[in-house]
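Quick notes on the structure that follows.
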Amino acid sequence: MGAGDSVTLWGCPHLGEALSLPQEGVPTVESVIVAIDGPSGTGKSSTSKAVAAKLGLSYLDTGAQYRAITWWMISNGVDVTDAEAVANAASKPVIVSGTDPGRPTITVDGADAAGPIRTEEVTSKVSAVSAVPEVRSLITELQRSIARSAEHGIVVEGRDIGTTVLPDADLKIFLTASPEARAARRSGELKGADVQATKEALVKRDAADSSRKTSPLAKAGDAVEVDTTDLTLDQVIECVVTLVDEKRTAAK
Ligand SMILES: Nc1ncnc2c1ncn2[C@@H]1O[C@H](COP(=O)(O)OP(=O)(O)O)[C@@H](O)[C@H]1O
Ligand SMILES: Nc1ccn([C@H]2C[C@H](O)[C@@H](COP(=O)(O)OP(=O)(O)O)O2)c(=O)n1
């Protein structure tokens, strides 16, 4: 079966006719940039970390950066519904992301932010903060500089990586899943959380992220869409690794 065939193997699409057939014995390109976008609970973080670890690439969770700046705004008494106040404060926090997929880290002004950025308060306010254009342009520049300095390449996950942050990424993936599957996965993480309430919160956040003016959540025209609803996490990881391999081979 060739890479030119438009085949769906247990829900994993091939790259299709855009690629030439892989050639035997051709060395793969060393560095590769992979953009993985999609709504919450589709498996972006789990897939991106595992793919990066398997392929020896760096990993960047851009959602964690938007959560970090939101946490800073809340901690410093900035009203997140006041876009002008958020814009005026946006350049103050120093956000540093560690890109080892085995141990990703995030600090704000030197303090470990990994725990505090996952609270319900941050989750409910992050869409408002990340819709502010000044926040987006600062964080986008940070993301580009991290991607540029990743020696062996990087997997970057978020909402606008393929469309805005890294439009020249070597491979763009857009993960989807039904709201029911996403809510079940998320409420499994938040012990005792009500699935229906989780689903409503997810759908509300998706709507806010998809409808904002600046760089909304969207599938890039050249992204490969993978519906993860009926796939195991291992299948999604295998699918993305296969797509990276196909892309690397075809690039030579
Ligand atoms: N294909 C899958 N099947 C079942 N559970 C999954 C799958 N992909 C991810 N998960 C689980 O769903 C939860 C959310 O995944 P995560 O990678 O954080 O999604 P996202 O980054 O898109 O919000 C995690 O607990 C993860 O282990
Ligand atoms: N590239 C990105 C990444 C995240 N965001 C915003 C929008 C999202 O609702 C929040 C949080 O993203 P995160 O990936 O942590 O969210 P989930 O883990 O999927 O719940 O950040 C964004 O605007 N652009």
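Just so it is clear, none of the values below were taken in a lab; they were calculated from the coordinates. Computed from a predicted model, the values in this text were never measured in an experiment. Reconstructed Cβ throughout: ideal geometry from the backbone, glycine too, with neighbour counts over all protein chains shown.
Determine whether Gly56 is away from ligand 1 (no atom under 16 Å from the Cβ) and touching a His at 6+ places or on another chain (Cβ under 6 Å). Before the answer, list the steps.
Values: away from ligand 1 (no atom under 16 Å from the Cβ): yes; touching a His at 6+ places or on another chain (Cβ under 6 Å): yes.
Spelling it out, Gly56 is indeed away from ligand 1 (no atom under 16 Å from the Cβ) and touching a His at 6+ places or on another chain (Cβ under 6 Å).
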Fill in the blank from the handout: For Gly63, the lone unmet condition from (1) touching a residue at least 60 places away in the same chain (Cβ under 8 Å); (2) surrounded by fewer than 20 Cβ atoms within 10 Å (Cβ to Cβ); (3) away from ligand 2 (no atom under 15 Å from the Cβ) is (3)
Practice task
Residues being crowded, with 20+ Cβ neighbours inside 10 Å and assigned to a loop (DSSP other than H, G, I, E, B): count how many of those fall in segment 151-177.
Solution key: 5
Problem - All positions within segment 194-224 that are more than 10 Å from ligand 2 (Cβ to nearest atom) and part of a loop (DSSP other than H, G, I, E, B) - result: Asp194, Lys213, Ala218, Lys219, Ala220, Gly221, Asp222, Ala223
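If you take the residues of segment 127-138 that are in contact (Cβ under 8 Å) with a residue 24 or more places away in the chain and closer than 30 Å to His152 by Cβ, which of them is nearest to ligand 2 (Cβ to nearest atom)? Walk me through how you get there before you give the answer.
Narrowing segment 127-138 to residues in contact (Cβ under 8 Å) with a residue 24 or more places away in the chain: 127-136, 138.
Keeping just the survivors that are closer than 30 Å to His152 by Cβ gives 130, 135-136, 138.
Details: Ser130: 4, Val135: 9, Arg136: 7, Leu138: 13 Å.
Per the stated criteria, the residue is Ser130.
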Fill in the blank from the handout: Given the conditions (1) in contact with a strand residue (DSSP E or B) (Cβ under 7 Å, 6 or more places away or on another chain); (2) within 12 Å of Ile69 (Cα to Cα); (3) surrounded by fewer than 16 Cβ atoms within 10 Å (Cβ to Cβ), every one holds for Asp109 apart from (1)
Practice task
Could you list, in sequence order, all residues of segment 141-167 that are more than 8 Å from ligand 2 (Cβ to nearest atom) and within 16 Å of Thr70 (Cβ to Cβ)?
Solution key: Leu142
Fill in the blank from the handout: Over segment 178-194, the set of residues surrounded by 14 or more Cβ atoms within 10 Å (Cβ to Cβ) and in contact with a helix residue (DSSP H, G or I) (Cβ under 8 Å, 6 or more places away or on another chain) is Pro179, Arg182, Ala183, Ala184, Arg186, Ser187, Ala193
Exercise for the section: Might you check whether a residue that is touching an Asp or Glu at 6+ places or on another chain (Cβ under 6 Å) and in contact (Cβ under 8 Å) with a residue 24 or more places away in the chain occurs anywhere in segment 223-246? Expected result: no
